[in-house]
Each structure stands twice: as C-alpha cells, then as structure tokens.
Amino acid sequence: MIVANKDISPATTSAAKRKVVERPKLSFWQIFNMSFGFLGIQFGFALQNGNASRILQTFGADVEHLSLFWLAAPITGMIVQPIIGHYSDRTWNKLGRRKPYFLVGGLLAAIALVFMPNSSMLMFLPPLMVGAGMLMIMDATFNVAMEPFRALVADNLPDSQRSTGFSVQTFLIGIGAVIGSWLPYVLAENFGVAKVAPEGQVPPNILYSFYTGAAVLIGSLLYTILTTKEYPPEVYKQFDHQEAEENHGGLMTIFTDLKNIPATMRQLGLVQFFSWFALFSMWVFMTPAVAEHIYHVSPGDTASTTFADAGNWVGICFGIYNGVSAIYALVLPTIAAKTSRKAAHAFSLIMGGVSLISIFFITNPNTLVAPMVGIGLAWGSILGMPYAMLAGSLPAKKIGVYMGIFNLFITLPQVVNGFFGGWIVKALFHGQAIYAIVLAGLFMLCAAVSVLYVQDRNTKITK
C-alpha cells in the first residue's frame, strides 16, 4: 500500500513551511498496485481497438466511413480531458485526489462495453447509430480513466522513478491488452464459441469477450483503489512550494494554462500528433486492410467465415504487439538510462514505422507476426516515454490539468484522421485500406524525427 513518507506528517508541515522536499521512493509492489487498474482499462481498450470497426461493419458501416464513426470519441476527449485534469487537481475526498475520476470513468466504460455489441437489441434505433454512440462513450470514458492514472504516477513518484513508474504501467497495459486482444480468438478456437452470426448480428465470441472485459475492468480498478493511498494535501504541498499557494481560479483558467504550456509539452505535441495519427489509422483500418489485402475478402463482405478469421487474426496480432510492449516496457528504462529518453523513443518509433510499412508486402497471415514486434516496441514507448519526459517539466499543482491538456495532442490527430482518413482511403487509395497502414508507417517515422528536437530536462535518467 502506498503511504506517505514516515518522516513527513501533517504535524511537521508547519515546521517545514515552504521547504521543498523530494518525494519518497516507492517499492516495486507499491508502484505495481498503483498501476494495476490500467490492466483492466487496457483490456477493454484492446477489445475496442480490435473489434469496434468489425462491429460497425457488421451493423452496416462502409470502410471509408469507419474513421468518421471513431471521430466522436476523440472530440469528446478534447473537451473532457482538460476539465477532468482541472478538477482532479482541486479534488480531495475520502477516496482521494485522482481515484474518484478513474473509478467513475471505468464504470461508464464497463457499461459501454456491455451495450456496444448489443446495439441491435434496441429496435427503435438503428444499430449503427447506437453502436457509434457506444463507441464514443467507451473511448471517452477510457480516456477519462487513463489520464488520472498518469497524473497519479507524477503525484506519487520522484523524477528518478517516473520512467520506471510509467514503464510498470506500460507492462500492465500490455498484459491487459494481450488478454483482451486474444480472447475472441481463444473463445472461438479453444472453447467452441461461435465466431459467426446471422448478417447484422455480432458473433457470440465477441459478445462474451466484451462482457468479460467489463468485469475485469471493474475488478482491477477496485484493486488499485483498495491497495493505494494518495498523499493528503498537507503532505503533498511539501513536494512543491507552489502547492502551498491556494488556487481559486475557475474553469476558465484552463485557457490560461493552455496558453502557458511548457516548451517541452509543445515539442512533444508534434511527436504525439504524428504518433497518434499513425495509431488511429492502424486501429481503424487494420481489419479491413488485412481482410482484403491478405485474406482476399471481397469489399462489403462482413458475414463470411473468412472475414471472421481475418478479424480474429487481427486480434491475435494486436495481442502480440501488446505483449511485446509489456516486455519492452521492463527494459526501456535501462535503454533510456544508457542513451537518453529521446534516443530510446526515436528508436522505438522507427521500428514501428518500418513495421507498419512492411505489412504491404505480406501475403501470408502468419507473417504478420513479424511487424507486430516492431509495432510493439513503438507502442511500449508511446505509452510511457513521452509522459516521463513531460512530467519533470510540469508544476506540481497543475499536473492533472496539464496531463489533460497533453491529451489534446493525442485526440487532435485522431480528429484530423477521422475527418480526412476515410476520404483519403476512398479518393486517393480507391478504397484499399492497406494504403492507410502504409501512410501510418510514414507518420510514425516523422514522429521519430521530431522527437529529436524535444528539450528533455533530464536526458539521462536513473532506473
């Protein structure tokens, strides 16, 4: 359980006055418990990434419209994340500072997981409309739950442990994502759960996977809440003298904070734009790309066994890259310590970019395993290294709101891709989704170049 430093108590606060003290180091298991909820969040997130496009196509969506259906979620995130960060910086109750937010976000995400594959049950509304709405709610609430977890690491760990903290989060994210990505395939191939359904209905293996994801999400969040404590305000103020100053600014102060973002955040924003444009393309278009380019499924076919096989294999592939990211997260702090955080991140992004481009040349589904390794290296670094570089540049009293604002650099590229990605596939690529994957690889390489221009306060780190 995470507890405050024994040498720092409310009774000593007045004596210490505004003296800034270093956050105490935490044990591995304290960091693990603090991050465990991320396993459940990513379990559900992986189910969404691997199956949302497939579900929407089942309900009648055309491939060039898929990115538009994914669009509402990042737009919602752009609005919600800074607000959540703003208020979490000012929250303290019996549950804590950050925990109330990721608990509520997780519960809403679990509800959306249950309802999305059952959208056809609401007879008075078109299933496609309901499914798109559930996708919006699911993605937005996943983000509501994620960002307070990022802020929690920055709250509780000294700078020397933040790379380790974010790497532990990435490891747990990878484990959750592997299970979530593989579950539909395992249920179908190992437990005999049907993988096809009548046209317009979601197969049972997908339904049961989403139900399981909702249960795991709630359970893992409760574990973190019950095993983790946050520093109370009187103790937390000692870690930064700015915390001792009362901040009565209202919600409109977010715009002032946005205007005054640190230089490191602006520079990382460009890296994030390229990275997340690429990731969004991969999540939206990978299933149709693999189905048509490698499995040779006819455009518009969403009910055949071959299409189901392609969708299930994409889930396996997504699980592989998430598994690689989990392992890579454990060694990434060592790589960054021997080189720098920038160099480690640039290398990872290059591997991801080359791997995405290589998918165009693959004709055997089994060969898809190889590029998933490189994508896993990129994903493992994207989930942790930008936050490790960012955290040291943020004032302690505004970590939450700046983590929320930083999310704009994740949602903005998704919004841009959502508006133009489908049009690009239809008008420039003649409906061939595989070229969206190649474009994603090029954007990932651009991210690798741009990270070299980031001003990282601590270019060398300790593990």
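The values are calculated or read from the model by the stated rules, or taken from the named source; none is laboratory data. It should be emphasised that the depicted structure is a prediction, and the values quoted were computed from it without experimental measurement. Please note: Cβ atoms are built from the backbone with ideal geometry, for glycine as well, and neighbour counts cover all protein chains shown. Keep in mind that these areas ignore ligands, DNA and RNA; they rest on the heavy atoms of the full protein, side chains included. Shrake-Rupley method; radii C 1.70, N 1.55, O 1.52, S 1.80 Å.
All of PHE318, PHE277 fail the test of being in contact (Cβ under 8 Å) with a residue 40 or more places away in the chain and over 30 Å from PHE32 (Cβ atoms), apart from PHE277.
Can you tell me which of LEU187, LEU157, LEU152 is without any contact (Cβ under 8 Å) to a residue 24 or more places away in the chain and open to solvent by less than 60 Å² (accessible area, probe 1.4 Å)? Outline the logic, then answer.
Working: LEU157 fails: without any contact (Cβ under 8 Å) to a residue 24 or more places away in the chain; LEU152 fails: without any contact (Cβ under 8 Å) to a residue 24 or more places away in the chain.
The unique qualifying residue is LEU187.
Look through the stretch 125-169, keep the residues that are among the small types (Gly, Ala, Ser) and touching a Phe, Trp or Tyr at 6+ places or on another chain (Cβ under 7 Å), and return whichever of them is farthest from PHE406 (Cα to Cα).
First pass over the stretch 125-169, keeping only residues among the small types (Gly, Ala, Ser): 131-133, 140, 145, 151, 154, 160, 163, 165, 167.
Filter once more, so that each one left must be touching a Phe, Trp or Tyr at 6+ places or on another chain (Cβ under 7 Å): 131-132, 145.
Details: GLY131: 28, ALA132: 25, ALA145: 15 Å.
Per the stated criteria, the residue is GLY131.
Within the stretch 49-69, being within 19 Å of the chain's Cα centre (by Cα), under 20 Å from TRP313 (Cβ atoms) and not small (Gly, Ala, Ser) holds for ASN49, ASN51.
Looking only at residues in the stretch 298-332 that are surrounded by fewer than 20 Cβ atoms within 10 Å (Cβ to Cβ), in contact with a helix residue (DSSP H, G or I) (Cβ under 8 Å, 6 or more places away or on another chain) and of a type in the set (Val, Ile, Thr), the one that is farthest from PHE59 (Cα to Cα) is ILE327. Just to be sure before I move on: is TYR223 part of a helix (DSSP H, G or I), open to solvent by 10 Å² or more (accessible area, probe 1.4 Å), closer than 21 Å to CYS317 by Cβ and not aliphatic (A, V, I, L, M) in the structure I sent? No; evaluated as a whole, the condition is false for this residue. Residue count for the stretch 323-347 under the criterion of being under 17 Å from the mean Cα position of the chain (by Cα) and not hydrophobic (A, V, I, L, M, F, W, C): the result is 4. Is it the case that some residue within the stretch 170-189 is more than 30 Å from LEU408 (Cβ to Cβ), assigned to a loop (DSSP other than H, G, I, E, B) and touching a Phe, Trp or Tyr at 6+ places or on another chain (Cβ under 8 Å)? Within the stretch 170-189, none of the residues are more than 30 Å from LEU408 (Cβ to Cβ), assigned to a loop (DSSP other than H, G, I, E, B) and touching a Phe, Trp or Tyr at 6+ places or on another chain (Cβ under 8 Å).
Only residues that are outside any helix (DSSP H, G or I) and either closer than 30 Å to SER163 by Cα or modelled with pLDDT under 85 (or both): list them for the stretch 292-325, please.
Pass one, the stretch 292-325, residues outside any helix (DSSP H, G or I): 294-304.
Of everything in the stretch 292-325, those that are outside any helix (DSSP H, G or I) and either closer than 30 Å to SER163 by Cα or modelled with pLDDT under 85 (or both) turn out to be PRO299, GLY300, ASP301, THR302, ALA303.
The condition of being open to solvent by 10 Å² or more (accessible area, probe 1.4 Å), assigned to a helix (DSSP H, G or I) and at pLDDT below 85 holds for only one of THR256, THR264, that being THR256.
Can you pull out every residue in the stretch 21-57 that is β-branched (Val, Ile, Thr) and open to solvent by 20 Å² or more (accessible area, probe 1.4 Å)? So that I can check it myself, show each step before the final result.
Here is the first cut: in the stretch 21-57, the residues β-branched (Val, Ile, Thr) are 21, 31, 41, 55.
Selection gives VAL21 alone.
Looking only at the stretch 87-109, residues that are under 24 Å from GLN414 (Cα atoms) and crowded, with 23+ Cβ neighbours inside 10 Å come to 5 in all. Which residue pairs have Cβ atoms closer than 7 Å, lie 6 or more positions apart in sequence or on different chains, and pair a first residue in the stretch 75-99 that is under 14 Å from PHE149 (Cβ atoms) with a second residue that is of a type in the set (Lys, Arg) and open to solvent by less than 60 Å² (accessible area, probe 1.4 Å)? Final answer for the pair search is SER88/ARG97; SER88/ARG98.
Residues are listed down the side, and each one gets a yes or a no for (1) touching a residue at least 60 places away in the same chain (Cβ under 8 Å); (2) aromatic (Phe, Trp, Tyr); (3) buried (at least 18 other Cβ atoms within 10 Å of the Cβ); (4) under 28 Å from ASP155 (Cα atoms):
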position: HIS345; (1), (2), (3), (4): yes, no, yes, yes
position: MET351; (1), (2), (3), (4): no, no, yes, no
position: LEU356; (1), (2), (3), (4): yes, no, yes, no
position: ILE362; (1), (2), (3), (4): yes, no, no, no
position: THR367; (1), (2), (3), (4): no, no, no, no
position: ALA370; (1), (2), (3), (4): no, no, no, no
position: GLY380; (1), (2), (3), (4): yes, no, yes, yes
position: LEU390; (1), (2), (3), (4): yes, no, yes, yes
position: LEU394; (1), (2), (3), (4): yes, no, yes, yes
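Is it the case that some residue within the stretch 326-338 is in contact (Cβ under 8 Å) with a residue 12 or more places away in the chain, among the small types (Gly, Ala, Ser), more than 22 Å from PHE38 (Cα to Cα) and assigned to a helix (DSSP H, G or I)? Scanning the stretch 326-338 turns up at least one residue that is in contact (Cβ under 8 Å) with a residue 12 or more places away in the chain, among the small types (Gly, Ala, Ser), more than 22 Å from PHE38 (Cα to Cα) and assigned to a helix (DSSP H, G or I).
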